[in-house]
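Structure first, then comments.
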Amino acid sequence: MLDYVTLKLVWWLLVGVLLLGFAIMDGHDMGVGTLLPFVGRDDVERRVVINTVGPHWDGNQVWFITAGGAIFAAWPLVYATAFSGFYWALLAVLWALFFRPVGFDYRSKVNNPTWRKAWDWGLFVGGAVPSLIFGVAFGNLLQGVPFHFQNDLMPVYTGSFWALLNPFALLAGVVSFAMLTFHGANYLMLRTEGAIYQRAKKAALIFGGLMLLAFAAAGFWVALGIPGYVITSAVDPGALPNPLDKTVAVQAGAWMANFAKYPLLRIVPGLGFAGGLVALIMVRADKPLPAFVCSAVAELGVIGTAGVSMFPFVMPSSSDPRSSLTVWDSVSSHLTLSVMFWAALIFTPVVIAYTGWAYKVMAGKVTSRFIEANERSAY
C-alpha cells in the first residue's frame, strides 16, 4: 500500500489525467458540434459532420463522468464546495449536454428541414456552452472562489452566478472555447474531405490563432494582475484532512512561484504554445493527423499550466483564504484513495485500449457517398 502523501499526489495527477482525457476525447466532439452549423452547408454535409463523431461521442463522454466521479471520491470537499458554488453554472452545462444524445440519435430520423435544423443548433449549444463554461470555472479558480467553511466543515458559498462572469474568467472561457473548437476542427480535417475539409481548415486556423492569443493574454494577466495564494503555516502533508488547520496569504505573483522554484515546470506552458504553433503549421501543410496530435499536446499544456501554477491549491477561497482547499487537506481517507488507485490502475488501461481499438475500427473518411448509401442507418 502506498503511503498517504504519495496517494494524495497520485490522485492529483490522476484527476488531471482524467480532465485531460475529457478535453482530448470529448473535447473534439464538442468542437465538432460547435462547428456543425458552419462547416456543413446542407443536410448531407451536416450528416457527414455528425457521423465523424456519432459512433464515439457517448463513449468519450465517459471521461467527463469518470472525472466527476473521481473528484467525488478522491476530493469530497472539493466536490461538495464546487457543486454548491458553481451550481447554476454546472446546471447550464448539464442542460446544454442534454441536447447531445437526443440530437445525435433523433436528428436524422425525421425528414423535416425545420426539425433537423433545430437539432443542428441544439448540437451547437451542446458543444459551445460547456466549452465556454469549463474555462470560466478555471478562471474563477485562479481568482479564488467566495466560500468559507463553518467549524463543522459545512461549506458556505457567498457569491452569485453573475459574479462568475467576470472579465478574467470570460477570457479563460475564450481560451477553453477556442482550444476545444480548434481541436474539433483538426479532427474534422482528419475525417472529411472536399468542401467540409476546407471549411474545417479555415476554422482551425482561426481558432488555433485565437487560442494562442487568449492563452498568452491570460498568462500575462495572471502574472501581472491576479494575486495568488500561499500557505504561510507549517503543513503536514500526511495528516488527516482539515482545511481549517492552516493559514493562507494572498500575494501578488504567487501563481508564478512554482515556475520560479522549479524551472523545469516552464515546459508545461511551453507545450501549450509549441503544440498550438506546430498544429497551425500542420494545418497549413494539410497534415491533419499531426495537427490533431499537436492540438492535444496544446491542451495538455494549457490545462497543465493551470494545475501546476496553483499547486498545492485545488480550490482557493477569496472570502476566507484559510478555507482554501489543497491537495493535502481536501482528500478522502488513506484506504479510499488506495482502493481507488488500484481500480484506476487496472481499468484505465482497459478503457484506453478499447477506445483506441474503436477508433481504429471506425477510422477513415466520412463522405457524402457514405451518407447516401446508408440513408437509414447513418446518424
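Among the residues making up the stretch 131-187, a single one is surrounded by fewer than 19 Cβ atoms within 10 Å (Cβ to Cβ) and at positive phi: L153.
When each of T247, T192 is tested for being open to solvent by less than 60 Å² (accessible area, probe 1.4 Å), polar (S, T, N, Q) and in contact (Cβ under 8 Å) with a residue 40 or more places away in the chain, the lone residue that passes is T192. Tell me which residues, restricted to the stretch 364-373, are in a loop (DSSP other than H, G, I, E, B) and open to solvent by 50 Å² or more (accessible area, probe 1.4 Å). Within the stretch 364-373, just K365 meets the criteria.
For the stretch 163-179, a residue qualifies if it is part of a helix (DSSP H, G or I), in contact (Cβ under 8 Å) with a residue 24 or more places away in the chain and aliphatic (A, V, I, L, M), and the qualifying residues are L164, A169, L170, L171, A172, V174, V175, A178, M179. Quick one: is L77 part of a helix (DSSP H, G or I) and surrounded by fewer than 17 Cβ atoms within 10 Å (Cβ to Cβ)? No: the conditions fail for L77. Within this structure, L265 passes the test of being touching a helix residue (DSSP H, G or I) at 6+ places or on another chain (Cβ under 6 Å) and in a helix (DSSP H, G or I).
Residues that are more than 14 Å from P237 (Cβ to Cβ) and among the acidic types (D, E) within the stretch 310-342 comprise just one, D320. If you go through the stretch 332-363 and keep only what is in a loop (DSSP other than H, G, I, E, B) and either under 20 Å from Y4 (Cα atoms) or without any contact (Cβ under 8 Å) to a residue 24 or more places away in the chain (or both), you end up with S332, S333, A363. When the stretch 57-68 is filtered for residues that are open to solvent by 10 Å² or more (accessible area, probe 1.4 Å) and not β-branched (V, I, T), the ones remaining, listed by number, are W57, D58, G59, Q61, W63, F64, G68.
Filtering the stretch 311-330 to residues that are open to solvent by 10 Å² or more (accessible area, probe 1.4 Å) and aliphatic (A, V, I, L, M) leaves only V314. Going by the conditions given, is V32 over 30 Å from S319 (Cβ atoms), touching a Gly at 6+ places or on another chain (Cβ under 8 Å) and either assigned to a helix (DSSP H, G or I) or open to solvent by less than 50 Å² (accessible area, probe 1.4 Å) (or both)? In short, yes. Quick one: how many residues across the stretch 35-59 are in contact (Cβ under 8 Å) with a residue 60 or more places away in the chain and part of a helix (DSSP H, G or I)? Number of matching residues: 17. In the condition set (1) farther than 26 Å from F182 by Cβ; (2) in a helix (DSSP H, G or I); (3) touching a residue at least 12 places away in the same chain (Cβ under 8 Å); (4) small (G, A, S), S108 is compliant with all but (2).
In this entry, T52 passes the filter for residues that are touching a Lys or Arg at 6+ places or on another chain (Cβ under 6 Å) and either among the β-branched types (V, I, T) or within 20 Å of S332 (Cβ to Cβ) (or both). Being outside any loop (DSSP other than H, G, I, E, B), open to solvent by less than 30 Å² (accessible area, probe 1.4 Å), farther than 30 Å from W75 by Cβ and of a type in the set (V, I, T) is not true of I206.
The values are calculated or read from the model by the stated rules, or taken from the named source; none is laboratory data. Fair warning: this is a prediction, and the values are worked out from it, not measured in the lab. When we count neighbours, we look across all protein chains shown, and the Cβ atoms used for this are built from the backbone with ideal geometry, even at glycine. Note: accessible area is taken over every heavy atom of the protein model, side chains too, but ligands, DNA and RNA are not part of it. Shrake-Rupley method; radii C 1.70, N 1.55, O 1.52, S 1.80 Å.
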